[in-house]
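The values are calculated or read from the model by the stated rules, or taken from the named source; none is laboratory data. Keep in mind that this is a model prediction, so the values were computed, not measured. Cβ placement follows ideal geometry from the backbone for every residue including glycine, while neighbour counts extend to all protein chains displayed.
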Ligand SMILES: NC(=O)c1ccc[n+]([C@@H]2O[C@H](COP(=O)([O-])OP(=O)(O)OC[C@H]3O[C@@H](n4cnc5c(N)ncnc54)[C@H](OP(=O)(O)O)[C@@H]3O)[C@@H](O)[C@H]2O)c1
């Protein structure tokens, strides 16, 4: 079997999960190199990885580069992805910098695996909130079409990286010690402990946040259908891992509850809780690969409209696992 030299860039919440997933899935690894801004040894589940400082020359023997080194002008992908591609590597990027570029395929393997054939060296991994949404709705979309999606997300702090996780621990410990949750001091970042914050990312067009717009544009790109009317409210909640979503959707074709139940039961990557009073929770999804859905109900007042509850591990299917699944597609093609 052919082996691939892999580089993992970034050893934060996603990068560490990537190291786990590569090992757990028995990825056909040749040499594995790990890069970040600063060199050190790290321990992941009892295995030591030597992290090297990234440089433009880091990718000379790399076949596949899995980027999880933050976004924006100081992030690893903007600084080094071009160089990695030039050196012959195929880059799979977790951040939002390239997701909507027309020459960059955006892939969720359960939804659009064929898109891998069109890459020009760079493939983007969608946002965590979008990934679980499209996995949950994929088969419903393919069989009945989707007219509209209204999403409310309840997102874990690990989605904002390791600093946000540390902040939640500190705030929680402080609140428990003092038996008091002080309100946000003027001018400072909102506290996430014992709170729910309806802002993820910056405010953009029509006062929707960047996170909310990601769910719209990325879903349109993944389904190759910008006619779906999508509107989201994304909320940060004091959960460490796994995003929860309340998904309301209207199908194009006429459909009954039983048909939606059947489709969800057969959907790839989905575990469907058929009993509406037995539902999956964020803690159930932590460390798991699947997208869990439950509490399916029809809208009593509107035809072809339904509610779903959906949870998934944002660090695994929402990021690291999906990226490694894309790498597996690359190896097969
Ligand atoms: N967390 C999620 O649920 C999630 C889901 C989907 C996508 N993503 C995306 O995945 C990426 C990583 O997220 P994360 O949560 O793992 O972040 P994180 O916990 O903050 O970790 C960031 C890592 O990136 C490294 N890094 C930052 N800038 C770098 C640069 N210029 N060159 C090399 N390494 C650099 C850091 O290096 P040092 O350790 O040396 O500082 C750190 O190891 C982000 O783009 C994020 O938007 C995250």
Only one residue in 82, 2, 74, 23 is near the ligand (Cβ under 8 Å from one of its atoms), surrounded by fewer than 18 Cβ atoms within 10 Å (Cβ to Cβ) and not in a strand (DSSP E or B), so which one is that?
74
Does segment 143-150 contain any residue that is part of a helix (DSSP H, G or I), in the same structural domain as residue 218 (by TED's automatic domain parsing) and more than 9 Å from the ligand (Cβ to nearest atom)?
yes
Taking the condition modelled with pLDDT of 95 or more, within 9 Å of the ligand (Cβ to nearest atom), assigned to a loop (DSSP other than H, G, I, E, B) and surrounded by fewer than 16 Cβ atoms within 10 Å (Cβ to Cβ), does residue 163 pass?
no
Please tell me if residue 154 is modelled with pLDDT under 95, in contact with a helix residue (DSSP H, G or I) (Cβ under 9 Å, 6 or more places away or on another chain) and within 29 Å of residue 293 (Cβ to Cβ).
no
Looking only at residues in segment 151-160 that are within 16 Å of the ligand (Cβ to nearest atom) and surrounded by fewer than 22 Cβ atoms within 10 Å (Cβ to Cβ), which one is nearest to the chain's Cα centre (by Cα)?
160
Positions within segment 264-283 being within 23 Å of the chain's Cα centre (by Cα) and under 20 Å from residue 299 (Cβ atoms), in sequence order:
264, 272, 273, 279
Boolean, residue 93 is over 21 Å from residue 4 (Cα atoms), in contact (Cβ under 8 Å) with a residue 12 or more places away in the chain and either buried (at least 19 other Cβ atoms within 10 Å of the Cβ) or outside the structural domain of residue 69 (by TED's automatic domain parsing) (or both)
no
Take the residues in segment 44-60 that are within 14 Å of the ligand (Cβ to nearest atom) and free of Cβ contacts under 8 Å to residues at least 40 places away in the same chain; name whichever of them is farthest from residue 91 (Cα to Cα).
44
